[in-house]
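Contents: one structure, followed by commentary.
Where a number appears in this text, it was derived from the coordinates with a stated rule and is not lab data. Just so you know, these numbers come straight off a predicted model, no measurement behind them. Using ideal geometry, Cβ is built from the backbone for each residue, glycine included, and neighbour counts are taken over all protein chains shown.
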Amino acid sequence: MTQTQVKTVLDVKDLKTQFDTQDGMVHAVNGVSFNLRRGEFLGIVGESGSGKSVTMMSLLRLIPMPPGEIVSGEARFGDQDLLSIDLEDLRAVRGGKIGFIFQDPMTSLNPVLTVGYQIMESLRLHTDLSEKERRPRAKQLLDLVGIPDADARLRNYPHELSGGMRQRVMIAMALACDPEILIADEPTTALDVTIQAQIIQIVRDLREKLGTAVIWITHDLGVVAGLADRVLVMYGGQIVEEAPVVDLYSNPQHPYTEGLLGSLPRLDQKGQELVNIKGTPPNLYELPTFCPFSPRCPYVMDKCREENPPLMDIGQGRKTACWWDMENDRPRYGS
Amino acid sequence: MAVETSDAPLAPEADSADVIVSVEGLKKHFPIMRGVFRRQVGAVRAVDGITFDIRRGETLGLVGESGSGKSTTGRVILQLETATEGVVLFDGTDLTQTTGNKLRSLRPRMQMIFQDPHASLNPRMTVASIIGEPLSEHNKARGESRKKRIEELLSLVGLEPKHANRYPHEFSGGQRQRIGIARAIALNPDFIVADEPIAALDVSIQAQVVNLLEDLQDVLGLTYLFISHDLSMVRHIADRVAVMYLGKIMELGTVDRLYNDPKHPYTKALLSAVPVPDPVVEAARQRVILEGDIPSPANPPPGCPFNTRCPIAQERCVTEVPEWRELEPGRWVACHFAEQSDELIPIS
């Protein structure tokens, strides 16, 4: 992709989402900004509570409100701002121009309707295909995601399919209306590793065939390594690092990314020492006035406890939210 | 898969090593009941005839996908489930034939760490009473010495004495797993079954718990059966690995040789399916993508359980159950074509 052809399909600015709970205000997403380019595969990596899912759910206003509230932000999709358009218009986008795949296909498929009905319903709502044209299209979609004997499968109920097959149906449904963006939230986490490999293979093939932009949310740095063009690392409701995939893994520029990569055992290596990231994940009840990783960070300085670092551009398409310049071993502020 | 090649010397014969647990022909079938009279109409063959040894002081990794029978294996070894058939020798005693006080007197020597630290700790008990319960139960310590032992155990697992009077809900997932580990080592066991001990934890916490398990093994001379679906972590922690599929062990060997040079088609496929957190390696890797799903253990295919998905299955694999044989010293495999698998499935 050359610089001139790059076109942004989704531009998110300063997204903030909170949840008002009995125990206090949970600051789930704190000022997240990123963009997605046409045809790009963007990985979003983070542990539980990092805000990666809430970010995506907020974009399509799928979080329960209340207790959830989108405090601020803008999400440009074409000439629309997803966060401010009418619900009517948003519904046309959801499942139409933006497809979704969730972690657990059993809870996102309706158990009392056949697979075929559910795919065709999406075609009925979002395309102008006639009733007669919908069934062949549904069959074609199942073929596309590698489901054998598609005609018979259209008549199956979700419980008659295995976990891997259900996830393929979800992918077929998400792709039903030729979306511009496909958002996948931990789509392989509930699957066994040999089934995960099947799904990843299908997604790879589909990307080449369809050129859809994909946002793939996961806690598994391994899965993203083989799929993504660019990766965002989230921690404590913020993006802490953004980089092209090869650079992120070979030369992380945020202490959290570095620690996370060091704590992962590798299938192709033996005898490495696993790095401990000391301490526990961040407390989201506190106002994000300081760096959320500072209590666990080996490079922590006074400034980190006083001021939350913004996501700073450090060149070569990379950004990091850290006051310590890991490349040059010096603080990033002052002289 | 072979990113590095192993020049490790041949592993010693299993017989010559000091064996602590010896499993022979172990089966566990759960009956399926139907109808008004609850007649047995079938059985889930969770574990279907497995044979292996665990050597003193080693970590044996037991890997497999869901439904492969790896957890049931761990539970049957500890007699938390009764075996349908087969022998479990623990230091020479057949546990399947041992009951009552005799079995109870052996229990302190074998313990378990569970997957879910939320479900395996009683929310109404303080940390001190959770860790102290095995001490009282087996009359190992009371009063002041019990209190001292609890403090000692807390510091062994990286918690502080002040934590003793708190309740489980006051701790994070990783800390709770530490409490479960403290309980498991309270009675100075020889052998611990760790059933997916890190599966419920965040990535950054997993390394903490695994490092703790390794340190404790060094200090206390423990033997682990480490049950996990995480093949990368098993490579890190284990000395030898057994790969299960549909109630049977497909392959067993030292970590280096099994990961660098798998002989069973299932092991080859499984290892090639695990993502490596390195984009450069990932881009260059060749994969064996298996077709289809894992069959139900209630209705396993005839012959080799893997024949429905195996890329090199032949007529013989459907008619004849492959023998569990020692391919080379210390390397066991259940496949008719293990010798030819490298030629037939070239991925390395």
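Some observations on this one:
- Close amide H contacts of B:V193 (hydrogens built in the peptide plane, cut-off under 5 Å, sequence separation of 5 or more or a different chain): B:Q111, B:M112, B:I113, B:L225.
- Applied to region A:272-281, the Karplus parametrisation 6.51 cos²θ - 1.76 cosθ + 1.60 on θ = phi - 60° returns per-residue 3J(HN,Hα) values of 6, 7, 7, 6, 7, 8, 5, x, 10, x Hz, with x for Gly and Pro.
- What the phi angles of region A:304-311 give under the Karplus curve with 6.51, -1.76 and 1.60, with θ = phi - 60°, is a coupling list of 5, 8, 9, 9, 6, x, x, 6 Hz, glycine and proline written as x.
- Longest segment of chain B lacking GluC sites (Glu not before Pro) that sit in a DSSP loop with at most 14 other Cβ atoms within 10 Å: B:14-290
- Sorting B:K147, A:K319 by the number of Cβ atoms found within 10 Å of their own Cβ, with the fewest placed first, yields B:K147, A:K319.
- Of all beta bridges that DSSP places with both ends in region A:173-306, some 55 percent have antiparallel geometry.
- Peptides B:174-185, B:31-42, A:296-307, A:80-91 ordered by average Cβ neighbours within 10 Å, highest first: B:174-185, A:296-307, A:80-91, B:31-42
- Under the criterion of Cα pairs below 8 Å and six or more residues apart, the relative contact order for chain A equals 20 percent.
- Excluding same-chain neighbours fewer than eight residues apart, the lysines reachable from A:K303 by a Cα-Cα span under 21 Å are A:K278, A:K319.
- Annotation for A:D14 and B:E214: the two label points, set 7 Å from Cα along the Cα-Cβ direction, are 4.6 nm apart.
- J(HN,Hα) series, region B:284-291, from Karplus relation 6.51 cos²θ - 1.76 cosθ + 1.60, nearest Hz, glycine and proline x: 8, 6, 9, 10, 9, 8, 6, 7
- Built amide H within the under 5 Å cut-off of B:K263, gap 5+: none
- Of B:S71, B:G292, A:V231, farthest towards positive along the dipole that unit charges on Lys, Arg, Asp, Glu beta carbons give the protein assembly as shown: B:S71
- Distant-in-sequence amide contacts of A:V214, defined by a placed amide H-H separation under 5 Å and a gap of 5 or more residues or a different chain, comprise A:E40, A:F41, A:L42, A:L182.
- For the residue pairs B:K28/B:K268; B:K28/B:K148; A:K16/A:K97; B:K70/B:K162, the alpha carbons lie more than 30 Å apart in B:K28/B:K148; B:K70/B:K162.
- Residue-averaged 222 nm ellipticity for chain B, from DSSP H runs of 4+ at -39500 (n - 2.57), nearest 500: -9000 deg cm²/dmol
- Inter-label distance, nm, simple model (7 Å from Cα along the C-beta direction), A:S48/A:Q22: 1.9 nm
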